[in-house]
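Here's the structure, in structure tokens; my notes come after.
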Amino acid sequence: MLRLKNEEQLAGIRASCRMLSDLFSGLVPLVKPGVTTKELDRFAHDYIVSHGGKPAFLNYDGYPASLCTSPDDVVIHGIPDNSRLEEGSVIGLDCGIDLGGFFSDAAITLPVGRISPEVEKLLRVTRECLERAIAAVKPGARIHDISRAVFSHAVANGYGVVRQYCGHGVGLAPHEDPQIPNYVSPGPNPRLMPGMVLALEPMINLGTGDVKVLADDWTVVTLDHKPSAHYEHTIAILPDWNVEVLTSWNYPA
């Protein structure tokens with residue numbers, strides 16, 4: 001069921017997204033060689049709780065952390081642990097906040113120190129996929145217009161597109177309808193409408209788009225173990241059809 005948000009609900013979602021954006025502003029500079037993913041998770045958890053929110057991911061369907069930490073070939077849902085970030089790797093960070101029943105969701109993939117030009121391009125193109133997804137939101141458009149914008153740009157650059165996981169509605173729950181695949185699927189293709197709040201999240205791989213889930217039932221990795229990139233913003237479609245990007249993260253220059 002599609003849940004269109006009214007002005008009061010949108011105000012609550014905006015506040016949750018502002019808190020999440022502020023969290024990322026503090027989190028991004030911490031990504032350095034030698035830092036553990038558990039330390040990043042602890043920072044995210046403590047920040048959210050100390051500012052009056054609840055970690056939206058913690059214990060959601062049994063997920064054991066507040067922050068998804070996904071290094072290198074991990075696409076999404078990596079579980080924080082005591083492993084340390086290594087120079088030349090990349091790390092995906094995905095987080096959501098429940099602020100008084102209003103939910104936000106965002107993700108970023110960051111370089112750890114200096115990375116190869118090949119992986120640097122993957123990250124850039126995936127960010128461009130997100131920008132194109134946002135630009136596809138306009139009057140008369142449907143979900144598949146977003147999907148097509150992501151897929152066509154990724155494939156034109158020779159990358160694999162993850163099909164098993166997708167973007168989604170958000171705002172009054174961590175995951176709502178509609179599902180928003182990053183390829184043109186045979187599934188539902190509802191028309192976009194004012195009042196929708198959507199989490200758009202391209203997941204793009206350097207090699208194959210195929211993935212598998214590890215034995216922990218959470219960690220999703222690329223089948224060929226090549227790096228993956230994941231970026232996500234929560235956006236709102238306003239009554240005048242302006243598209244408001246509710247989340248932000250400062251990508252390092």
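A short reminder: the numbers here are calculations on the coordinates, not readings from a lab. A quick note: this is a predicted structure, and the numbers were derived from the prediction, not measured. We place every Cβ from the backbone using ideal geometry, glycine too, and count neighbours over all the protein chains shown.
3J(HN,Hα) along region 101-112: x, 10, 10, 10, 7, 7, 8, 8, 10, 10, x, 9 Hz, from the Karplus curve 6.51 cos²θ - 1.76 cosθ + 1.60 with θ = phi - 60°, whole Hz, x for Gly and Pro.
Summing charges over neighbours of residue 195, with a neighbour being any other residue whose Cβ is under 10 Å away from its Cβ, gives +1 when K and R count +1 and D and E count -1. Taking amide H atoms as placed 1.01 Å from N in the peptide plane, the amide H of residue 223 lies under 5 Å from those of 210, 211, 212, each 5 or more residues away in sequence or on another chain. Given +1 at the Cβ of Lys and Arg, -1 at the Cβ of Asp and Glu and no other charges, the dipole of the chain around its Cα centre is 500 debye to the nearest 20. When each of 1, 196, 19 is scored by the number of other beta-carbon atoms lying within 10 Å, the sequence from fewest to most is 1, 19, 196.
Put simply, the amide H of residue 91, placed in the peptide plane, has neighbours under 5 Å in 72, 110, 112, leaving out anything fewer than 5 places away on its chain.
Each Cα pair under 8 Å and six or more residues apart adds its separation to the average, and for region 59-135 the resulting relative contact order is 23 percent. Pairs of Cα atoms nearer than 8 Å and 6+ residues apart set the relative contact order; for the chain it is 23 percent.
Rounded to the nearest Hz, the phi-derived 3J(HN,Hα) couplings of region 181-196 under the Karplus curve 6.51 cos²θ - 1.76 cosθ + 1.60 (θ = phi - 60°) are x, 9, 9, 7, 8, x, x, x, 9, x, 6, 6, 9, x, x, 6, where x marks glycine and proline. Between residue 114 and residue 25, the FRET efficiency estimated from the beta carbon spacing at R0 = 25 angstrom works out to 0.65.
Note on the chain: with a GNM built from Cα contacts shorter than 10 Å, the maximum mean-square fluctuation among 214, 27, 123 falls on 214.
Can you give the FRET efficiency for residue 1 and residue 189, using 1/(1 + (r/R0)^6), R0 = 25 Å, r = Cβ-Cβ distance, to the nearest 0.05? Working from the Cβ atoms, E equals 0.95. Between 79, 143, 115, the GNM of the chain built on Cα springs shorter than 10 angstrom shows 115 fluctuating the most. Of the GluC sites (Glu not before Pro) found in region 55-131, those in coil by DSSP whose Cβ has at most 16 other Cβ atoms within 10 Å are 86, 87.
Using 0.36 nm per residue and subtracting the Cα-Cα separation, the extra length available between residue 84 and residue 173 on full extension is 28.8 nm. Among 156, 236, 135, the residue with the largest mean-square fluctuation in a Gaussian network model of the chain, with springs joining Cα atoms closer than 10 Å, is 156.
Rounded if a/c is under 1.5, else prolate if a/b beats b/c, else oblate: with a ≥ b ≥ c from the C-alpha gyration tensor eigenvalues square-rooted, which is region 1-121? In terms of gyration-tensor shape, prolate. Working note: Karplus 6.51/-1.76/1.60 with θ = phi - 60° gives region 27-40 the couplings 7, 4, x, 7, 6, 8, x, x, 6, 8, 5, 5, 5, 5 Hz, where Gly and Pro are set to x. Within the straight-line cut-off of under 22 Å between alpha carbons, the lysines reachable from residue 32 are 121, 226, sequence neighbours fewer than 8 places apart in one chain being disregarded. Taking a point 7 Å out from the Cα of residue 141 in the direction of its Cβ, the residues of region 225-253 whose backbone N falls within less than 11 Å of it are 237, 242-244. Close amide H contacts of residue 182 (hydrogens built in the peptide plane, cut-off under 5 Å, sequence separation of 5 or more or a different chain): 167. Only Cα pairs under 8 Å and 6+ residues apart enter the sum, and on that basis the relative contact order of region 83-199 stands at 24 percent. Taking trypsin sites (Lys or Arg not before Pro) across region 140-193, the ones in a DSSP loop with at most 15 further Cβ atoms lying within 10 angstrom of their Cβ are 163. Computed from the C-beta positions of residue 121 and residue 63 and an R0 of 30 Å, the FRET efficiency is 0.45 to the nearest 0.05.
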